[in-house]
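Step one of this worksheet: look at the structure below.
The values are calculated or read from the model by the stated rules, or taken from the named source; none is laboratory data. No experiment lies behind these values; they were computed from the predicted model shown. When we count neighbours, we look across all protein chains shown, and the Cβ atoms used for this are built from the backbone with ideal geometry, even at glycine.
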Number of protein chains: 2
Amino acid sequence: MAVIHDPMRVPPRTTTIYPKPFDEGFEGRLKRPLTDRLGLTQFGVNLTTLEPGAQSSHRHWHEEEDEFIYMLEGELVLVTKDGEQLLKPSMAVGFAAGDRNGHHLVNKSRYRATYLEIGTRSPNEDVTYADIDLRAEKRGGRYRFFHTNGEPYE
Amino acid sequence: MAVIHDPMRVPPRTTTIYPKPFDEGFEGRLKRPLTDRLGLTQFGVNLTTLEPGAQSSHRHWHEEEDEFIYMLEGELVLVTKDGEQLLKPSMAVGFAAGDRNGHHLVNKSRYRATYLEIGTRSPNEDVTYADIDLRAEKRGGRYRFFHTNGEPYE
């Protein structure tokens with residue numbers, strides 16, 4: 001049993017694992033990883049803050065892993081193939097594994113926005129990125145990135 | 001993809017699946033089940049409110065399923081074998097599968113308290129209750145309850 005008294009004080013990760021050139025423009029995304037500190041392994045928990053202008057990820061969908069978002073602070077725009085939807089505090093969003101409607105969150109406001117993001121930790125996963133020449137494979141917990149034609153990124 | 005605009009308006013469940021006499025005293029526990037509405041299956045998400053005097057469950061631990069709590073509103077007392085600990089909004093707690101330190105949450109305040117609770121959905125599970133003559137087995141998604149001597153409850 002582990003208690004985190006102030007999750008906003010957990011040091012954030014600001015880097016991404018995307019290959020170039022898709023790793024740029026994520027400076028305003030602060031992911032505070034709570035999972036290991038909580039002693040959990042079956043699903044991942046991040047407390048994520050997006051500064052104005054920042055985005056959660058490239059628009060994507062997961063083949064194997066359910067994903068859950070709970071809005072805590074500020075306003076974000078949820079972008080899917082169906083358009084844009086405004087998210088405000090206390091709203092909840094579910095992205096079921098295998099739902100091919102790619103999504104991401106964008107902060108188009110003047111204030112920071114913070115949410116909980118929780119996703120299953122599957123050893124194997126395929127991620128499809130809807131708008132760019134990128135897909136990801138996770139095998140045994142390790143991600144590799146490919147062009148849509150199957151060639152690997154460096 | 002599914003959005004719940006106001007999770008507090010989801011009809012709450014106030015019943016328990018405990019056998020008699022352990023099903024009494026849960027009137028002030030309101031579990032708002034978000035999982036199905038979000039289209040998720042791999043982990044369960046409840047928005048749970050405890051009125052003054054209410055408790056989350058009997059003190060227990062899970063053999064197979066990770067559990068996560070995020071405090072949203074009010075104050076609760078986390079009770080484990082190590083004693084009591086006060087939980088306030090924005091605090092996060094993790095209960096790892098197999099950690100034999102039974103826990104539950106009790107509202108000892110004068111105000112309602114609300115939290116997100118998220119747990120892995122394993123088809124099979126064993127739950128041990130620390131303080132009472134009860135244990136639970138989930139097989140194929142269905143719970144059955146037993147005395148600690150192995151005799152089933154009706």
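Return the only residue of A:Ala54, A:Ala97 being within 19 Å of B:Thr35 (Cα to Cα) and either surrounded by 21 or more Cβ atoms within 10 Å (Cβ to Cβ) or modelled with pLDDT of 95 or more (or both). Don't jump to the end; show me each part of the working.
Working: A:Ala54 fails: within 19 Å of B:Thr35 (Cα to Cα).
Result: A:Ala97 is the single residue among A:Ala54, A:Ala97 that is within 19 Å of B:Thr35 (Cα to Cα) and either surrounded by 21 or more Cβ atoms within 10 Å (Cβ to Cβ) or modelled with pLDDT of 95 or more (or both).
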Check: Among the residues of region A:98-117, is there at least one that is in contact with an Asp or Glu (Cβ under 7 Å, 6 or more places away or on another chain), on the phi > 0 side of the Ramachandran plot and within 14 Å of chain B (Cβ to nearest Cβ)?
Finding: yes
Margin query: For region A:36-72, which positions are within 9 Å of chain B (Cβ to nearest Cβ) and out of contact with any strand residue (DSSP E or B) (no Cβ under 8 Å at 6 or more places or on another chain)?
Written below: A:Thr41
Note to self: Take the residues in region B:115-144 that are more than 14 Å from B:Pro19 (Cβ to Cβ), out of contact with any Lys or Arg (no Cβ under 9 Å at 6 or more places or on another chain) and hydroxyl-bearing (Ser, Thr, Tyr); name whichever of them is surrounded by the most Cβ atoms within 10 Å (Cβ to Cβ).
What the structure shows: B:Tyr115
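Out of everything in region A:74-97 that is facing chain B (nearest Cβ under 9 Å) and of a type in the set (D, E, K, R), what residue ends up being nearest to A:Thr128 (Cα to Cα)?
Step one: filter region A:74-97 for residues facing chain B (nearest Cβ under 9 Å), giving A:78, A:80, A:82, A:85, A:87-88, A:90-97.
The next check asks that each one be of a type in the set (D, E, K, R); those that pass are A:82, A:88.
Numbers: A:Asp82: 17, A:Lys88: 27 Å.
So, considering only residues that are facing chain B (nearest Cβ under 9 Å) and of a type in the set (D, E, K, R), the one nearest to A:Thr128 (Cα to Cα) is A:Asp82.
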Checklist line | Flag if A:Pro33 is without any contact (Cβ under 8 Å) to a residue 60 or more places away in the chain, more than 8 Å from chain B (Cβ to nearest Cβ) and within 28 Å of A:Arg139 (Cβ to Cβ) | finding: yes
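Inspect all residues belonging to region B:79-86 and state whether any of them is in contact (Cβ under 8 Å) with a residue 12 or more places away in the chain and of a type in the set (Gly, Ala, Ser).
No; the residues of region B:79-86 include none that is in contact (Cβ under 8 Å) with a residue 12 or more places away in the chain and of a type in the set (Gly, Ala, Ser).
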Check: Restricting region B:14-50 to residues that are loosely packed, with under 15 Cβ neighbours inside 10 Å and touching a Lys or Arg at 6+ places or on another chain (Cβ under 8 Å), which is modelled with the highest pLDDT?
Finding: B:Thr41
Note to self: I'd like the full set of residues that are under 15 Å from the mean Cα position of the chain (by Cα) and either acidic (Asp, Glu) or assigned to a loop (DSSP other than H, G, I, E, B) (or both), limited to region B:88-121.
What the structure shows: B:Ala96, B:Ala97, B:Asn101, B:Gly102, B:Asn107, B:Glu117, B:Arg121
Next item on the list: Give the number of residues within region B:45-78 that are in contact with a helix residue (DSSP H, G or I) (Cβ under 9 Å, 6 or more places away or on another chain) and in contact (Cβ under 8 Å) with a residue 60 or more places away in the chain.
Entry: 4
Next item on the list: Go through region A:53-98 and count every residue that is of a type outside the set (Ser, Thr, Tyr) and either closer than 23 Å to B:Thr48 by Cα or touching a Gly at 6+ places or on another chain (Cβ under 7 Å) (or both).
Entry: 25
